[in-house]
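In what follows, a structure is listed as structure tokens, so that the remarks can point back to it.
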Amino acid sequence: MFAPLTHENGMMLNTNADTIASVLAISLSKHFDVRLIFCFEKQGVLLDVNKPDSVIRSLNFNLYNDLLTKGSFHDGILPKLENAFSAIQSGVKEVLIGEHTHLLANTGYDTKGTLITQA
């Protein structure tokens, strides 16, 4: 884990942690099989932002593009998805997007959230 805190002239700055995490994961993927985990307040990527139980359990680039074209994603998840697919295309094995309370579970095989893979 890391804490992407930055400051300038003594003021804390709003750093995009997902972008920094993606860059770190891409660098590590040159030497290891990496699962990048993005934690946030939802259980995963939702098919319908108004239905918390509409988690998309598995997502690949083709399904992502199809759902994106249909306007299925809420604006708030788009930066996470863009970073996720950028990481996948750059060598990261898997990206998991899920609720922060499931972080420990999401380091194993029985994941909770949305698992993003190349295929």
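Loop sites only, by DSSP: take the trypsin sites (Lys or Arg not before Pro) in the chain that have at most 15 other C-beta atoms within 10 Å and name the longest stretch containing none of them.
Result, exposed sites excluded: 1-29.
Mind putting together the pair-distance distribution for the chain? All Cα pairs, 5 Å bins, whole percent per bin, short to long.
Result returned by the calculation: 2, 11, 21, 24, 20, 12, 6, 3, 1.
At a 10 Å Cβ-Cβ cut-off, how would you order 114, 6, 15, fewest neighbours first?
6, 15, 114
Simple spin-label model, 7 Å along Cα-to-Cβ: residue 41 to residue 20 in nm?
Label-label distance for residue 41 and residue 20, simple model: 2.1 nm.
Before rounding to the nearest 500, sum -39500 (n - 2.57) across all DSSP H runs of length at least 4 in the chain and divide by the residue total; then give [θ] at 222 nm in deg cm²/dmol.
My calculation for the chain gives -8500 deg cm²/dmol from helical runs alone.
Whose amide H sits under 5 Å from the amide H of residue 38, counting only residues 5 or more places off or on another chain, with H placed in the peptide plane?
Amide H neighbours of residue 38, under 5 Å, 5+ apart: 96, 97, 98.
So if the hydrodynamic radius of segment 20-88 is defined as the Kirkwood radius over C-alpha pairs, what does Stokes-Einstein give as its diffusion coefficient at 25 °C and 0.890 mPa s, in µm² per second?
Translational diffusion coefficient: 188 µm²/s.
If you restrict to DSSP beta bridges whose two residues both lie in the chain, what percentage is antiparallel, to the nearest 5?
Around 50 percent antiparallel, to the nearest 5.
Every read-out reported here was derived from the displayed coordinates using simple, explicitly stated rules and does not represent laboratory data. This structure is a prediction, so every number in the text was calculated from the model and none was measured. Glycine gets a Cβ as well: all are built from the backbone with ideal geometry, and neighbour counts include every protein chain shown.
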